[in-house]
Amino acid sequence: MPLSRLNQEQYAAATSFHSQNLIIASAGTGKTSTIVGRIAHLLGAGVKPHEILLLTFTNKAAAEMVERVASFFGNEVASKIDAGTFHAVSYRWLKKQDKKVVLKQQRELKTLFRSVYEKRSFMHIDAETTPYGGNYLYDLYSFYQNTELENNFESWIIEKYPEHDLFAMIYADIVDEFETLKKEYGFLNFNDLLINFRDLCKSKELGYKEVLVDEYQDTNALQGTLIEAMNPPSLFCVGDYDQSIYAFNGADISIIGSFSTKFPHAKVHTLTKNYRSTLAILSLATKVIEHNDRIYPKQLEVTRNKEAQAPKLLAYDELFDQYHAMAAQIRDSQTPREEIAVIYRNNSSADGIEVGLRELNIPCKRKGGTSFFDSKEVKSVLDLYTLLVNESDMMAFIHLFEYARGIGSAMAKEMYIALKTLGHGSIFYGLYAPDVSISNPFEKRKLNHQLGLFDDFLELGAVGKFAKLGFEDKFMKNPILKHPKLSKDGAVFLHDFYCLYRDLKGIKQPRSIIKKIVASALFKHIVELLAAKRATLKDGSIDEKLQEGARTNIARKGLLLEELSKPYSEHERFLNAMILGSQDLTQGEGVNLLSVHASKGLEYKEVYVVDLMDGRFPNRKLMQRGGSLDEERRLFYVAVTRAKDILYLSFAKFDKIKKMDFVPSLFLYEAGLVPKDEAYRALVLKEAEKEDKE
């Protein structure tokens, strides 16, 4: 049984009789075993599996824990445990209440947000500060939703960014219109899932006897209030303040730090036995992380006693010498490729390492960059599929029509609403059977100079300019073609859209839909745009070989999507799987190239932590944008503790391209790998001056 395999500390935590428990589980101390043991204890105590909720930060982590429970209690019991990410669990509950929940990914809603933003002008405001762009303002609003519990958005902007106070009213009005549109079309993003589920928890008894939370140190204010709203009879939170590395995403380390204050009768358990790393690796990590304030006391004990290689510092004269030498060292290593990880703080580091490995024909896979589901071609196929299932999905329409030359997100939104008007609520009726008695289907612009809204809509255009394009008469009679800014390229794109959905009518198998979309003239247009963009050189010319390679890669992704659709016979189930499950799928083989954030929760026999120069790691630019040295130090701790047996830390002294000298990372000095010299004293002085200012 799971409990019999636990050490004394793990067992005490797993069998605790307290109603609120916090388990401080440092890297490699067996937190997963402890959580599985706790679930086993609950089941043994008579708690029904459906009365247990397990919240994790990846679906993969939830699946692994449920699988381990199943190995002892069987699939029938384990499958009834409610397990998943905060978002997945919220989505399931909201779907139970309302089958019309339309979940959209951030990039899709960002497109809708831009369509609102692009209607605004800031030119009438005389200010030294440049207003935020649409994409950045959306990210700022998302951060606000995750972290702010009291102020409205306008007040929050004025408080946090006083130099933008003159724009705050327009920003807030953009957000209000965006939220109104979302509500009108039934769209929810990942933040909305949590907010709506939190509201549901306040009004409904969910029936959970215990809620278990993994990676508790990474919860943000919104997730924290969701847990509070659940108000379960028993709460079991597992985390490590030294591994809190998601402040950029709103994670609040004070949530784990204030657990004992919030729950005065809570029991705090500490797991001290490390089963992963050697003594030398763990000693180095501890030596550095102890420079951060201690929230809860802990002293780790190494359980591996065999002789091991001490962590090694690799110093290079030049930046790219580092990447090439590292690739050569990996080539000569006896460690299996899959057991080697190169961990970096900045994506530019990953590019250099990947080039070095490819030159030596060493296979590698990169995690933390653009995933399969984030590629524009895959998004386009899924947008086309989404509209077939749900024509009310305005964002999918907008996102697609941004590929038409001359059509931006604001104009695409105007066309969508016009089609809906022509079809009396249906864009496809508006496309194939428009009400031609409606001569002007375009919405009238609002005017409000204070909110940056100006009238720039011209009189209707003539459709005669499209006469030579060979469109059939029925299509030519559609009033949508009267949009004054619609170009010939835009009209051709609209016609291809018209032809595709006429061909898709009546097809029921997801696999057949994918094949039709990928073979369509509309998608081929998107492919050519993407391939040309990816093959454009710095001088503006197009490399034909790169262009053909881009086409091949896009075609391969189309085939992979077709493979993914094979097990499904229902459109909606296939699309939901692509939206909710996409983030856990990875591709490739060989050496693992990982950002520090992507390495969280993983372990490897041999690890290289690269570019340990001041400015790069710690990343001073990100620290200036709201980060902190403590956060950077926690990132270093996470990177180092991924290593089980062999650890290399590397830095370079010079960048010949930028003509820049480097100073070793402060963390190398703190680890005792570099003698404390004048450069170290300058770094310490810089930090002291910064603290004084704050």
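The values are calculated or read from the model by the stated rules, or taken from the named source; none is laboratory data. The model shown is predicted, which means the values in this text are computed figures rather than measured ones. Counting neighbours? That spans all protein chains shown, and the Cβs are built from the backbone with ideal geometry, glycine included. Accessible surface is based on the protein model in full, side chains and every heavy atom, while ligands, DNA and RNA are left aside. Shrake-Rupley method; radii C 1.70, N 1.55, O 1.52, S 1.80 Å.
Data table
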item: DSSP-loop trypsin sites (Lys or Arg not before Pro) across the stretch 50-130, with at most 11 other Cβ within 10 angstrom; result: Lys99, Lys100
item: Cut-off under 5 Å, modelled amide H: who pairs with His269 long-range; result: Leu22, Ile23, Ile24
item: Computed magnitude of the charge dipole of the stretch 77-119 (debye, nearest 20; Cβ of K, R +1, Cβ of D, E -1); result: 120
item: Heavy-atom accessible area ranking, 1.4 Å probe, most first, across His571, His324; result: His324, His571
item: For Asp82, residues with placed amide H under 5 Å, excluding near neighbours; result: Ile52, Leu54
item: In Å², nearest 10: area of Ser520 left accessible to a 1.4 Å probe; result: 10
item: Additional length obtainable on full extension of the chain from Glu678 to Ala127, 0.36 nm per residue less Cα span; result: 194.0 nm
item: Residues of type aspartates and glutamates that Lys60 reaches as a straight line, Cα spacing below 12 Å, ignoring anything fewer than 8 places off in the same chain; result: Asp584
item: Nonlocal amide H pairs with Asn220, under 5 Å, H built at 1.01 Å; result: Asp252
item: Descending principal axes extents, the stretch 605-650, alpha-carbon based, whole Å; result: 35, 16, 9
item: Kirkwood-Stokes translational diffusion coefficient of the stretch 494-599, alpha-carbon pairs, 37 °C, 0.692 mPa s, µm²/s; result: 201
item: Residue-by-residue Karplus 3J(HN,Hα) for the stretch 288-299, coefficients 6.51, -1.76, 1.60, Hz, glycine and proline x; result: 7, 5, 5, 6, 7, 4, 8, 7, 10, x, 7, 9
item: Cα centroid of the stretch 66-119 to Cα centroid of the stretch 378-405, whole Å; result: 21
item: Across Lys600/Lys653; Lys104/Lys376; Lys413/Lys482; Lys110/Lys183; Lys31/Lys600; Lys465/Lys485, pairs whose alpha-carbon gap is larger than 19 Å; result: Lys600/Lys653
item: Solvent-accessible ranking of Glu163, Glu544, Glu377, largest area first, probe 1.4 Å; result: Glu544, Glu163, Glu377
item: Heavy-atom surface of the chain, accessible at 1.4 Å and reported per residue (Å²); result: 46
item: Value of Rg to Rh for the stretch 268-312 (Rh from inverse mean 1/r over Cα pairs, i.e. Kirkwood); result: 1.00
item: FRET efficiency estimate (nearest 0.05) - Cβ-Cβ, Lys273 to Phe72, R0 22 angstrom; result: 0.50
item: Stokes-Einstein D in µm²/s, Kirkwood radius over Cα pairs - the stretch 271-394 at 10 °C with 1.306 mPa s viscosity; result: 84
item: Surface/4 of the Cα convex hull for the stretch 99-144, nm²; result: 4.4
item: For the stretch 326-335, 3J(HN,Hα) per residue [Karplus equation, 6.51 cos²θ - 1.76 cosθ + 1.60, θ = phi - 60°, Hz, x = Gly/Pro]; result: 5, 4, 5, 5, 5, 4, 8, 5, 8, 6
item: Directionally averaged shadow of the chain, computed from the convex hull of its alpha-carbon atoms, nm²; result: 34.0
item: Spin-label proximity, His265 to the stretch 7-28 - amide N less than 20 Å from point 7 Å beyond Cα toward beta carbon; result: 13-23
item: Degrees separating the helix 629-640 axis from the principal Cα axis of the chain, which is the longest one; result: 80
item: Stokes-Einstein D in µm²/s, Kirkwood radius over Cα pairs - the stretch 1-141 at 25 °C with 0.890 mPa s viscosity; result: 131
item: Cα-based reach from Lys658 at 19 Å (exclusive), listing lysines while leaving out same-chain residues under 8 positions away; result: Lys538, Lys621
item: List Tyr11, Tyr161, ordered by accessible area with a 1.4 Å probe, largest first; result: Tyr11, Tyr161
item: Potential lengthening between Arg5 and Gln299 on full extension [0.36 nm per residue; Cα-Cα distance subtracted]; result: 103.6 nm
item: Taking N as its residue count, the alpha carbon Rg of the stretch 141-277 over 2.2 N^0.38 Å; result: 1.26
item: Note, ³J(HN,Hα) from phi for the stretch 591-596, Karplus 6.51, -1.76, 1.60, rounded to Hz, x at Gly and Pro; result: 4, 8, 9, 9, 5, 4
item: Estimated inter-spin distance, Ser19 and Arg107, nm [label 7 Å along Cα→Cβ]; result: 4.6
item: Carbon plus sulfur fraction of accessible area for the chain, probe 1.4 Å, in percent; result: 51
item: Cα→Cβ-extended label distance, 7 Å offset, between Thr335 and Tyr161, nm; result: 4.2
item: Separation in nanometres of the label points that stand 7 Å from Cα toward Cβ, at Tyr429 and Leu313; result: 7.4
item: Contact order normalised by residue count of the stretch 4-139, Cα under 8 Å, 6+ apart, percent; result: 16
item: Protection-proxy order for peptides 280-286, 327-333, each taking the mean of Cβ atoms within 10 Å per residue, highest first; result: 280-286, 327-333
item: Dimensions (Å) - the stretch 88-192, Cα atoms, principal axes, largest first; result: 50, 28, 18
item: Alpha-carbon centroid distance for the pair the stretch 163-191 / the stretch 462-476, whole angstrom; result: 38
item: Base-10 log of normalised Debye intensity for the stretch 469-528 (one unit scatterer per alpha-carbon) at q = 0.23 Å⁻¹; result: -0.97
item: Globularity index of the stretch 321-419, i.e. its alpha-carbon radius of gyration over 2.2 N^0.38 Å; result: 1.68
item: The chain: antiparallel DSSP beta bridges as a percent of all, rounded to 5; result: 15
item: Length released on extending from Ala45 to Glu572, taking residue separation times 0.36 nm less the Cα-Cα span; result: 185.8 nm
item: Mean projection area, nm², convex hull over Cα of the stretch 624-673; result: 4.9
